[in-house]
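Peer 1: My structure is below; once you've seen it, I'll send some questions.
The values are calculated or read from the model by the stated rules, or taken from the named source; none is laboratory data. From a predicted model like this one, the values you see are computed outputs, not experimental measurements. For neighbour counting, all protein chains shown are included, and Cβ atoms are generated from backbone atoms with ideal geometry for every residue, glycine included.
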Amino acid sequence: ESKKQVTKKSALDTLLEEAEGLIQKNKKDQALYKYEDIIKRFPDSAKVLMAKAKLLDGLAEERRSNDLLDGAILSYRQAADAPNCPRDIHRAALARMADRLSFFGKSAKSIQVYQELVKEHPDDNESKKNLAVQYLIVGKNNRAKHYFEQMLESNPTDGFAQVHLGFILKAEANYLEAIPLLRAGINSGDRETNEGKYFFHLGESYLRIGQVDESYKVYDEGVSRGHFRSRYQRSLYNVDLLRGKEFWTPKGARYADAAKKLESNWETIRDEALALLSSDGLFQKEEEKLQDTGDWKQFTLYAKGNKNQANCQQAPRTCEIIDTIPESRGCRRGQVKFSVMHPGTHVWPHCGPTNCRLRGHLGLVIPQPVRLRVGNITRTWEEGKFFIFDDSFEHEVWQEADRMRVILIVDLWHPDLTESDRNRLTAI
Ligand code: LMR
Ligand code: MN
């Protein structure tokens, strides 16, 4: 019996070597057939199932094929489930499987596999990290928090866990605990913590507790590390070499025609906004937690270059005009929306996500006093007047009038972007 085992084993190794030889000669499809044959003879071998999974995985990448990736994921599963699967193969198969599931956008399944990994290989910190990050991706911050806390218990100077736990606490408005964690994580020198978003969250945490000077120190540090373009221009999705300044004249931005169209039709646009405002519940609350006090709502007509057909049916004349402005209609890094702000609103200083767009405001209903600060420049709106600013620069809004303020926000591609840049950029 034991002799038989030995011969079988070496036969398997020989076959595996042959398959590897085929891969080396770039005969990968033949190698795949070879693995299928070997599996028929040795259906319980984790080693061959793992080899097949890796081959499929590589092929999926090479050929950008989801079917191959599906096959790879299935093979990893079979390898991990093989009887007497060696622990190192078990761990590697599950880890890669979870990673591929996440890549595929299948977060829930990826989480299941990471859970299995963490349970079976409790010493595997990398899996704990990945599990926690998956929980963050699906918005289960509390679950994620649990694992980051665990990681910090076993290693209090784990920079990765520090910035992530800091991020979660900041999202809970627990700024006092978020600040030292974000700071320690950034200072840890851990490569994964040297990212603009952590400087962004640290600066914002200081701002929220009223330590404005500290927040600018953090932003200046972010500038010196190359994360921000300047103290005030702190967007994170940027294209280099685009001119950046707080305000643009429509002519200077080559949007004089667009401005003229909007201004000469402003009353029509205003009337559509007012009609929408007269029915309850159409406008939606601003969702990014930028509002300090008050009431600020929006009604979106276009986002990421897509027309919201249902909403546009309720503002047809406005959308008719926007449809004649391709740089706005097709701005995949912006939106077109009505914005209503009620008295007593203060919007925290904040930056838009990208320097690839400019933001136009058309004044529709403008009581006073209302103010917009962009960098060091503060101005107000006027009814029927269109102005353009760069919302990648820090901006802040105060509404201290006694009735609502209404504007149309019109994002436009940055004029320095070429047509091919615009086509290439991902939507935001
Ligand atoms: C912003 O773009 O953040 C604000 O200016 C929008 C608004 O309604 O004032
Ligand atoms: Mn803004």
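Peer 1: Working carefully through the options 334, 344, find the one that is on the phi > 0 side of the Ramachandran plot and either modelled with pLDDT of 95 or more or within 14 Å of ligand 2 (Cβ to nearest atom) (or both).
Peer 2: On the way: 334 fails: on the phi > 0 side of the Ramachandran plot.
From the options 334, 344, the qualifying one is 344.
Peer 1: Kindly indicate the residue of region 277-301 that is among the hydrophobic types (A, V, I, L, M, F, W, C) and within 15 Å of ligand 1 (Cβ to nearest atom) and also farthest from residue 349 (Cα to Cα) among those meeting that condition. Break it down into steps so the answer makes sense when it comes.
Peer 2: Going residue by residue through region 277-301, those that are among the hydrophobic types (A, V, I, L, M, F, W, C) are 277, 282-283, 290, 296, 299, 301.
Still in the list and also within 15 Å of ligand 1 (Cβ to nearest atom): 277, 283, 290, 296, 299, 301.
Working: 277: 27, 283: 23, 290: 8, 296: 15, 299: 22, 301: 25 Å.
Here the answer is 277.
Peer 1: Within the bounds of region 351-361, is there any residue that is of a type in the set (Gly, Ala, Ser) and within 13 Å of ligand 1 (Cβ to nearest atom)?
Peer 2: Step one: of region 351-361, the residues of a type in the set (Gly, Ala, Ser) are 352, 360.
Okay, now just the ones that are also within 13 Å of ligand 1 (Cβ to nearest atom), so 352, 360.
Yes.
Peer 1: Given the residues 36, 20, which is the only one that is farther than 30 Å from residue 137 by Cα, surrounded by 13 or more Cβ atoms within 10 Å (Cβ to Cβ) and not hydrophobic (A, V, I, L, M, F, W, C)? Quick ask: steps written out before the conclusion?
Peer 2: Working: 36 fails: surrounded by 13 or more Cβ atoms within 10 Å (Cβ to Cβ).
Exactly one of 36, 20 is farther than 30 Å from residue 137 by Cα, surrounded by 13 or more Cβ atoms within 10 Å (Cβ to Cβ) and not hydrophobic (A, V, I, L, M, F, W, C), namely 20.
Peer 1: Still on this model: So which residues in region 347-372 are free of Cβ contacts under 8 Å to residues at least 40 places away in the same chain and either within 12 Å of ligand 2 (Cβ to nearest atom) or of a type in the set (Phe, Trp, Tyr) (or both), if there are any at all?
Peer 2: 372
Peer 1: Which residues, counting only those in region 116-134, are farther than 20 Å from residue 185 by Cα and not aliphatic (A, V, I, L, M)? Steps first, answer last, please.
Peer 2: Within region 116-134, the first condition is being farther than 20 Å from residue 185 by Cα, and the residues that meet it are 116-124.
Answer for region 116-134, where residues must be farther than 20 Å from residue 185 by Cα and not aliphatic (A, V, I, L, M): 116, 119, 120, 121, 122, 123, 124.
Peer 1: Shifting gears a bit: Looking only at region 380-392, how many residues end up being part of a strand (DSSP E or B) and within 13 Å of ligand 2 (Cβ to nearest atom)? Walk me through it before giving the result.
Peer 2: Of region 380-392, the ones part of a strand (DSSP E or B) are 386-389.
Among the residues that remain, those that are also within 13 Å of ligand 2 (Cβ to nearest atom) are: 389.
Total meeting the criteria: 1.
Peer 1: Are there any pairs, at least 6 apart or on different chains, whose C-beta atoms fall under 9 Å, with the first in region 52-81 and surrounded by fewer than 18 Cβ atoms within 10 Å (Cβ to Cβ) and the second outside any helix (DSSP H, G or I), and if so, which?
Peer 2: Note: pairs meeting the criteria are 66/104; 70/104.
Peer 1: Return the pair list, or none, for Cβ contacts closer than 8 Å from residues in region 246-270 that are within 16 Å of residue 317 (Cα to Cα) to residues that are assigned to a loop (DSSP other than H, G, I, E, B) and among the β-branched types (Val, Ile, Thr), at least 6 apart or on different chains.
Peer 2: Pairs found: 258/325; 261/324; 261/325.
Peer 1: Which of the following residues is touching a residue at least 12 places away in the same chain (Cβ under 8 Å) and in contact with a Ser or Thr (Cβ under 7 Å, 6 or more places away or on another chain): 344, 305, 375?
Peer 2: Sole residue among the options that is touching a residue at least 12 places away in the same chain (Cβ under 8 Å) and in contact with a Ser or Thr (Cβ under 7 Å, 6 or more places away or on another chain): 344.
Here is a yes/no grid of residues against (1) over 29 Å from the mean Cα position of the chain (by Cα); (2) surrounded by 14 or more Cβ atoms within 10 Å (Cβ to Cβ):
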{"residue": "296", "(1), (2)": "no, yes"}
{"residue": "301", "(1), (2)": "no, yes"}
{"residue": "309", "(1), (2)": "no, no"}
{"residue": "330", "(1), (2)": "no, yes"}
{"residue": "348", "(1), (2)": "no, yes"}
{"residue": "361", "(1), (2)": "no, yes"}
{"residue": "371", "(1), (2)": "yes, yes"}
{"residue": "377", "(1), (2)": "yes, no"}
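Peer 1: Give region 308-327 a look and list any residue that's in contact (Cβ under 8 Å) with a residue 24 or more places away in the chain and in a loop (DSSP other than H, G, I, E, B), or say none.
Peer 2: Once the filter is applied, which keeps residues that are in contact (Cβ under 8 Å) with a residue 24 or more places away in the chain and in a loop (DSSP other than H, G, I, E, B), region 308-327 yields 314, 315, 324, 325.
Peer 1: Right, residue 230: more than 16 Å from ligand 1 (Cβ to nearest atom), under 27 Å from residue 377 (Cα atoms) and surrounded by 12 or more Cβ atoms within 10 Å (Cβ to Cβ) or not?
Peer 2: Criteria met by residue 230.
Peer 1: Among the residues of region 405-422, write down those that are surrounded by fewer than 19 Cβ atoms within 10 Å (Cβ to Cβ) and either assigned to a loop (DSSP other than H, G, I, E, B) or within 16 Å of ligand 1 (Cβ to nearest atom) (or both).
Peer 2: Those that are surrounded by fewer than 19 Cβ atoms within 10 Å (Cβ to Cβ) and either assigned to a loop (DSSP other than H, G, I, E, B) or within 16 Å of ligand 1 (Cβ to nearest atom) (or both): 409, 415, 416, 418.
Peer 1: Only one residue in 96, 100, 91, 77 is in a helix (DSSP H, G or I) and either more than 27 Å from residue 14 (Cα to Cα) or polar (S, T, N, Q) (or both), so which one is that?
Peer 2: Working: 96 fails: either more than 27 Å from residue 14 (Cα to Cα) or polar (S, T, N, Q) (or both); 91 fails: either more than 27 Å from residue 14 (Cα to Cα) or polar (S, T, N, Q) (or both); 77 fails: either more than 27 Å from residue 14 (Cα to Cα) or polar (S, T, N, Q) (or both).
Going through 96, 100, 91, 77 in turn, just one is in a helix (DSSP H, G or I) and either more than 27 Å from residue 14 (Cα to Cα) or polar (S, T, N, Q) (or both): 100.
Peer 1: Within region 393-404, can you find the residues that are part of a loop (DSSP other than H, G, I, E, B) and either within 11 Å of ligand 1 (Cβ to nearest atom) or aliphatic (A, V, I, L, M) (or both)?
Peer 2: Going residue by residue through region 393-404, those that are part of a loop (DSSP other than H, G, I, E, B) are 394, 400-404.
Scanning region 393-404 gives 394, 401, 404.
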